[in-house]
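Scroll down for the structure; my scribbles are underneath it.
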Amino acid sequence: MSQQRTARAAPAGDFERFEPREVEQSVARRFESRAARYPGRVAVKTRSHRLTYADLNAEANRVARAVLERAGGGAAGPVALLLEKGAPAVAAMLGVLKAGLPQAALDPSFPRARLAALLEDLGSGLVVTDARGLALATELAGAGRGVLNVDEIGAGAPADNLSLDIAPGALAFVIYTSGSTGEPKGVCLEQRTLLHRVLRQTNSFRIRAEDRLSHLASFGTGQGLLNIFCALLNGAGLYPLDVRAEGLAGLAAWLADEEITIYRSSASVFRYFTDTLSGRERFPALRLARLSSEQVTRRDIELCKKHFPAGCVFVNGLSTSETGIVREFFMDAGTLIEGNSVPVGYPVEGMSVRLLGEAGGEVPPGEVGEIAVTSRHLSPGYWRRPELTRSAFREDPAGGGRVYLTGDMGRMLPGGLLLHVGRKDFQLKVRGHRVEVGEAEAALLGCAGVKEAVVAARADARGETRLVAYLVAERGASLNTDALRRSLRETLPEYMLPSAFEVLDALPLTPSGKVNRLALPASSPTTRRAATDYVAPRTEAERVLAEIWAEVLGLERVGVGEDFFDAGGHSLLATRVVSRINTTFRIELPLRAVFESPTVAALALSVEGLILDELEALSEEEARRLLDASPAGGGVGA
C-alpha cells in the first residue's frame with residue numbers, strides 16, 4: 001500500500017491559504033469579506049435559483065433583520081431552520097449567523113414526532129421556514145413559538161450589512177446526531193470551531209474561488225455545514241442538488257453541465273450513482289472526489305479511477321460531528337490499496353490522534369485502540385447534556401487543548417498512517433447517516449407487543465449496511481412486521497428503519513446476563529419474509545416491474561401487493577428502480593411515483609398511464625412502433 005500522500009488537490013500556489021489568525025472572527029464577517037471581494041461570482045446555484053455573492057449577501061441581510069425583529073433581539077434557544085435544501089435555506093442560514101444567533105437546521109422530511117422532540121430539546125422560540133414548509137412549521141411551533149416565513153420578506157427591505165459584533169466563541173450551530181440513549185444529541189459548534197474546520201479543509205483541498213462544489217448532503221449535518229462554508233467562505237460556488245427528490249439518473253449530466261470541480265457524497269450515494277453510469281460519461285472539470293460518512297473500500301476507489309478523470313484526486317478521511325476532519329488520505333490513479341479497507345490517513349492541521357487501550361493508556365504501535373482526538377478546536381460539547389459532555393470530553397493534561405474520545409477503533413500503520421477498524425460501541429453508518437442503534441431499539445420498545453429489541457448491522461449482497469431488528473414478543477402478543485414498520489415511520493427517519501425483522505423466543509445472553517450480539521442468528525436483510533398473501537403479476541407491466549423489484553431488492557419473487565419499502569427498499573434503491581423503469585419502458589417516470597405508489601400493482605398503473613399519454617401525442621405509425629418496443633405494450637389498457 002502506498003503510505004504517502006500521492007496527490008494534492010491543486011498546485012501549492014493556486015489557492016489562498018486560510019490562516020489561523022482568521023479563525024478569530026465571526027463566520028458572518030468572513031463571508032462578508034468574500035462577498036465584497038467577489039460580488040459578481042456565483043455563490044449558490046440550483047435548478048431554480050442562481051445567486052451571486054452580492055445577491056446572497058443582500059438576501060441574508062434581509063433575513064437577519066427579520067429574524068431579529070421576530071426574536072425581539074434574542075431567541076429562547078437556537079433558531080430552528082425548517083427549509084428544504086436550496087438557495088433560500090443557505091440565505092436563511094447566513095441570515096441567522098448575521099443576526100448573531102445560534103441555529104439548528106432540521107430536515108423537513110423527518111417524522112413530525114421527531115421534529116417536535118428536537119424543537120422541544122432546542123427550546124427554540126423561533127422557527128424559520130418558507131411558504132412550502134409554512135403549514136408544517138406552524139403546526140410544530142404551536143402557540144409558544146414564533147414562525148418566520150422568509151418568502152414574505154419584501155425585496156425592498158434593507159439589504160446592507162448589519163455589522164454586529166459577534167464573538168468568535170459565540171455558539172453558531174447545534175447539529176443533531178443519533179443518541180446511544182435512544183434520544184438524539186445536539187453537538188454544539190462555536191463560530192471559531194466552524195471556521196477552523198473550514199480552514200483545515202480549505203488548506204488540504206486547496207479550495208479556490210474558481211472551484212464549484214457539489215452539495216448532495218443534508219444541510220443539518222456536520223459534513224453538510226462544512227461543505228456549505230468551504231464554498232462560501234472562499235468565494236467558490238456551492239451547487240446543491242436534492243437527490244432524494246430528483247434521483248441519481250441525472251447526476252452525471254448535472255456534474256458535467258455545471259462543471260463541478262469538487263465532488264462530495266457519502267460512499268453509499270456514490271455507489272448507487274456509479275450504477276447509473278455507462279462508462280462513456282466525462283467529467284473534465286472534476287479535480288477532487290471526497291467520499292465520506294462511512295467506510296470507504298478498495299472497490300470504491302477503483303470505481304473513482306474508472307469513472308473520474310485521470311488527474312482527479314480521491315480523498316478518504318476520518319471525521320466526527322464533535323471534531324470535524326482529523327485525518328486525511330489522498331490518492332490518485334497510481335495509488336495502490338492492499339486489502340479491502342482504505343486508510344483514513346495522516347494528521348491534519350491542529351488535530352492530533354492517539355490510540356488508547358481499555359485502561360486509558362496509549363497502545364503500542366500496530367495494536368488496535370480507541371481513537372482519541374486532542375485539539376483546541378473541538379466542539380464545546382452537547383446541547384443541554386452536561387453529563388454526556390463530561391463523559392466524552394476531557395482536558396488534555398499536556399495542555400494541548402481538550403481530548404474527545406471518539407468511540408472509533410483504529411490501528412496505526414508504519415509511517416503514521418491510520419486505519420479505521422470499526423466502532424467501540426454499536427454505532428453504525430447507514431447510507432451516509434450516523435446511527436446509534438440505541439435510538440432504533442428505543443423506538444421498537446415503544447411499539448405494541450415488543451418485549452425486547454436489539455438492532456444489528458448486516459451486509460447485503462452489495463456490501464451495503466442494513467439494519468436488522470431482533471425482537472422478543474410480550475407474552476400472548478403476535479408481532480406483525482407491517483404494523484411495526486408503520487409505527488416506526490412515525491418516529492424514525494427512513495435510514496433508521498430496519499430492513500428485516502427476526503422474531504426470537506429469547507435473545508442470546510452472555511454469562512454476565514448481557515445481550516450476546518455475536519450470538520444473534522445470521523440474517524440477511526434481503527431474505528424474503530414469509531408472505532401468505534402473495535399475488536402473482538397479472539399484466540405484462542406488473543410482470544416487468546416485479547422482475548425489476550426482485551433484482552434490485554435481491555428477492556426471489558415479488559407479489560403485486562408488496563410494499564417496496566416494507567420489502568427492504570429505501571430512497572437510494574428507489575432511484576435505481578426508476579432508472580430501470582424509464583430505460584425499459586422508454587418513459588419519464590418521476591422518482592416520487594415510487595413513494596406515492598409503493599406497490600407493483602399501483603406503480604404499474606402509473607407506468608401504463610404514462611405510456612398511454614405518450615401514445616396519444618404520437619402519430620399512428622409512431623405509436624405502434626413505441627407500443628411494439630415497450631415490454632408492457634400488450635398489457636396497456638388490458
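The values are calculated or read from the model by the stated rules, or taken from the named source; none is laboratory data. In this text, all values refer to a predicted model and were calculated from it rather than measured experimentally. A quick note on method: Cβ atoms are made from the backbone with ideal geometry, for glycine too, and the neighbour counts reach across all protein chains shown. Surface accessibility is based on the protein's heavy atoms, side chains included, excluding ligands, DNA and RNA. Shrake-Rupley method; radii C 1.70, N 1.55, O 1.52, S 1.80 Å.
Using a 1.4 angstrom probe, figure out how much accessible area the chain has per residue, in square angstrom, rounded to the nearest whole.
Working: 26230 Å² over 638 residues.
With all protein chains present, the chain gives 41 Å² per residue.
Sort 124, 109 by heavy-atom solvent-accessible area, probe 1.4 angstrom, most to least.
On the way: 124 5, 109 70 Å².
Largest accessible area first, the list is 109, 124.
In the chain, carbon and sulfur make up what percent of the accessible area (probe 1.4 Å)? Don't jump to the answer; show the numbers that get you there.
Numbers: 12900 of 26230 Å².
Ligands and nucleic acids excluded, carbon and sulfur give 49 percent.
Report the Cα-based extents of the range 259-319 along its three principal axes, largest first, to the nearest Å.
Projected onto its principal axes, the Cα set of the range 259-319 covers 30, 21, 17 Å.
When the gyration tensor of the range 69-143 is built from Cα positions, what are the square roots of 5 times its three eigenvalues, in whole Å, from largest to smallest?
Values: eigenvalues 61, 46, 23 Å².
Working from the Cα gyration tensor, I get semi-axes of 18, 15, 11 Å.
If R₀ is 35 angstrom, what is the calculated FRET efficiency for the pair residue 170 and residue 135, using the beta carbon separation as r and rounding to 0.05?
Numbers: r = 33 Å, r/R0 = 0.93.
So the FRET efficiency works out to roughly 0.60.
Around residue 46, with a cut-off of 9 angstrom between Cβ atoms, what is the net charge of the other residues, counting Lys and Arg +1 and Asp and Glu -1? Walk me through the intermediate numbers first.
On the way: positive: 45, 47, 50, 85; negative: 242.
Net local charge, residue 46 excluded: +3.
How much length is gained on full extension from residue 448 to residue 474, taking 0.36 nm per residue of separation minus their Cα-Cα distance? Walk me through the intermediate numbers first.
Working: separation 26, 0.36 × 26 = 9.36 nm, distance 0.88 nm.
Extra length from residue 448 to residue 474 when fully extended: 8.5 nm.
The chain: Rg/Rh from Cα coordinates, Kirkwood Rh?
On the way: Rg = 25.2 Å, Rh = 26.2 Å.
Looking at the chain, the ratio lands at 0.96.
About the Cα centre, and with charges only on the beta carbon of Lys, Arg (+1) and Asp, Glu (-1), how big is the dipole of the chain? Nearest 20 debye, please.
Values: 74 positive and 78 negative charges, 343 e Å.
Using only the charged Cβ atoms, the result is roughly 1640 debye.
At a threshold of 8 angstrom on Cα-Cα distance, excluding pairs fewer than six apart, so keeping six or more, what relative contact order does the range 88-228 reach in percent? Don't skip to the end; give the middle numbers.
Details: 136 pairs, mean separation 31.9, N = 141.
Over the range 88-228, the number comes to 23 percent.
Among DSSP beta bridges whose residues both lie in the range 51-199, state the antiparallel percentage, nearest 5.
On the way: 6 of 17 bridges.
About 35 percent, rounded to the nearest 5.
Taking the Cα-to-Cβ direction at residue 557 and at residue 280 and moving 7 Å from each Cα, how far apart do the two end points lie in nm?
3.8
Would you tally the net charge around residue 168, using a Cβ to Cβ cut-off of less than 9 Å, leaving residue 168 out, and scoring K and R as +1, D and E as -1? Present the calculation step by step, with values, prior to reporting the outcome.
Working: positive: 192; negative: 24, 190.
So the surrounding residues net to -1.
Taking the range 320-412, which GluC sites (Glu not before Pro) meet the DSSP loop condition and have no more than 14 other C-beta atoms within 10 Å?
Numbers: sites: 322, 328, 338, 349, 358, 362, 367, 370, 387, 395; in loops: 322, 338, 349, 358, 367.
Answer by residue number: 338, 358, 367.
Taking every pair of alpha-carbon atoms in the range 11-104, what share in percent sits in each 5 Å bin, from 0 to the bin with the longest distance?
So the P(r) values, bin by bin, are 3, 13, 20, 21, 19, 14, 7, 2, 1, 0.
So for each of 292-301, 95-104, 579-588 I average, over its residues, the number of other beta carbons within 10 Å; can you give me the resulting order with the highest mean first?
95-104, 292-301, 579-588
Divide, for the range 184-270, the radius of gyration over alpha carbons by 2.2 N^0.38 Å, where N is the residue count.
On the way: Rg = 13.5 Å, N = 87, 2.2 N^0.38 = 12.0 Å.
Expressed relative to 2.2 N^0.38 Å, the Cα Rg reads 1.12.
Starting from the Cα gyration tensor of the range 368-436, multiply each eigenvalue by 5, take the square root, and state the resulting semi-axes largest first in whole Å.
Working: eigenvalues 93, 74, 19 Å².
After scaling each eigenvalue by five and taking roots: 22, 19, 10 Å.
Run down the lysines and flag those whose C-alpha is under 29 Å from the C-alpha of residue 45, throwing out any fewer than 8 positions away in its chain.
Reachable lysines: 85, 98, 305, 306.
Once you have the alpha carbon radius of gyration of the range 561-609, what is it after dividing by 2.2 N^0.38 Å, with N set to its residue count? Each step should come with its number before you reach the end.
Values: Rg = 9.9 Å, N = 49, 2.2 N^0.38 = 9.7 Å.
In units of the 2.2 N^0.38 Å rule of thumb, it is 1.02.
With N set to the number of residues, divide the alpha-carbon radius of gyration of the range 434-503 by 2.2 N^0.38 Å and report two decimals.
Working: Rg = 11.7 Å, N = 70, 2.2 N^0.38 = 11.1 Å.
Rg over 2.2 N^0.38 Å, computed on Cα atoms: 1.05.
Could you check the simple spin-label distance between residue 390 and residue 596, using points 7 Å along Cα→Cβ, in nm with one decimal?
A separation of 5.4 nm, rounded to one decimal place.
Per the Kirkwood formula on distinct C-alpha pairs, the Rh of the range 336-462 is how many angstrom? If you can, show how the numbers build up before the last one.
Working: mean 1/r = 0.0588 Å⁻¹.
Taking the inverse mean of 1/r over all distinct Cα pairs, the range 336-462 comes out at 17.0 Å.
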